[in-house]
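The structure appears below as structure tokens.
The values are calculated or read from the model by the stated rules, or taken from the named source; none is laboratory data. The structure displayed is predicted, hence computed values, not measured ones. Positions of Cβ are generated from backbone atoms using ideal geometry, with glycine treated the same way; all protein chains shown enter the neighbour counts. What goes into the accessible areas is simple: the full protein's heavy atoms, side chains included, and nothing from ligands, DNA or RNA. Shrake-Rupley method; radii C 1.70, N 1.55, O 1.52, S 1.80 Å.
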Amino acid sequence: MTEAPNTVRYFALIPAAGVGARMEAGSPKQYLPIAGKPMLRHALEAFLASPLIAHTYIVVSADDGQIDGVVPEQGADHGVTVLRCGGATRMETILNALQALHGSIAAHDQVLVHDAARPGLTPALIGKLITEVGAHPAGGLLALPVVDTVKRAGAGSVSAQTVPRDGLWLAQTPQMFNYALLHRALSQAPDPHAITDDASAVEALGLAPRLVEGHPRNLKVTLPRDIHTAELYLSHSWPILES
């Protein structure tokens, strides 16, 4: 059957070219074991289990020697392809991947960019993001509303000032945008160092991505202590998030 020209497809993109210096693990953190699997494998399996995702791309550095042990079977039949075009920064890695995929992904197709260090993603969270963002022209992202009292440290971190938390959210991933918008936002970013996530690049264009409430289990593993927290979430069944 010939695909209708306006059919929107959803592609996952996992940048995994970082070294994870803050983990002090001696190797890239995406390959550290969590609950019996490399961290990256948990994220990948969430996308492979989602019927909404047409294909998943993992982006690593050209000299990555560990990825084939995590993703031994690749290609169209296996739902995942490894791209060896990682850059010096996360933004460069994603932009390199988008350029490599030019012509394979239509301008209106949606790209879900997800951190390799978020092993708690589930197919249900993926479906929630896709459903609630819908056709929003600025795309959207999973995020959590801030519930704790927020303090801003003064000089020397001695004094503190309370910051109103109304309207504050903590960004998660996946973050979803159509291919054309994501490519334009990253290509035109005036200051790559100010782009802390893909949504901030889109915001720099004057657009407002939609916020979709995620889940605490979708935390980012950044410090050694985060591994235990991630394993606690992964060891428990969350029916509403597992379907």
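General observations
- In segment 73-86, the residues that are in contact (Cβ under 8 Å) with a residue 12 or more places away in the chain and either open to solvent by less than 80 Å² (accessible area, probe 1.4 Å) or under 10 Å from Ala17 (Cα atoms) (or both): Gly79, Val80, Thr81, Val82, Leu83, Arg84, Cys85, Gly86
- Test result for Arg152, over 24 Å from Arg41 (Cβ atoms) and surrounded by fewer than 16 Cβ atoms within 10 Å (Cβ to Cβ): yes
- Only one entry in Thr89, Thr93 is open to solvent by less than 70 Å² (accessible area, probe 1.4 Å) and closer than 16 Å to Pro174 by Cβ, namely Thr93.
- Residue match in segment 178-188 (condition: closer than 24 Å to Leu44 by Cα and in contact with a Lys or Arg (Cβ under 7 Å, 6 or more places away or on another chain)): no
- Some residue of segment 47-70 being in contact with a His (Cβ under 8 Å, 6 or more places away or on another chain) and either within 20 Å of Val111 (Cβ to Cβ) or modelled with pLDDT under 95 (or both): yes
- Options Glu213, Glu203: the member that is surrounded by 13 or more Cβ atoms within 10 Å (Cβ to Cβ) and under 20 Å from Ser50 (Cβ atoms): Glu213
- Pick from segment 216-237, criterion in contact with a helix residue (DSSP H, G or I) (Cβ under 8 Å, 6 or more places away or on another chain) and assigned to a loop (DSSP other than H, G, I, E, B), ranking: least open to solvent (accessible area, probe 1.4 Å): Val221
- Pairs are defined by a Cβ separation below 6 Å, a sequence spacing of at least 6 or placement on different chains, a first member in segment 128-155 that is touching a residue at least 40 places away in the same chain (Cβ under 8 Å) and on the phi < 0 side of the Ramachandran plot, and a second member that is outside any strand (DSSP E or B) and open to solvent by 30 Å² or more (accessible area, probe 1.4 Å); the pairs so defined are Ile130/Leu52; Ala138/Leu207; Ala138/Ala208.
- Cross-chain or 6+ apart pairs with Cβ under 6 Å, segment 50-72 first and of a type in the set (Ser, Thr, Tyr), then modelled with pLDDT of 95 or more and in a strand (DSSP E or B): Thr56/Ala12; Thr56/Val80; Tyr57/Leu13; Tyr57/Thr81; Tyr57/Leu83
- Count of residues meeting criterion [surrounded by 15 or more Cβ atoms within 10 Å (Cβ to Cβ), not polar (S, T, N, Q) and not in a strand (DSSP E or B)] in segment 101-124: 14
- When we screen Gly127, Gly65, Gly86, Gly69 for residues that are under 23 Å from Pro28 (Cβ atoms), among the small types (Gly, Ala, Ser) and part of a helix (DSSP H, G or I), the only hit is Gly69.
- Among all residues of segment 121-134, there is at least one that is modelled with pLDDT of 95 or more and of a type in the set (S, T, N, Q).
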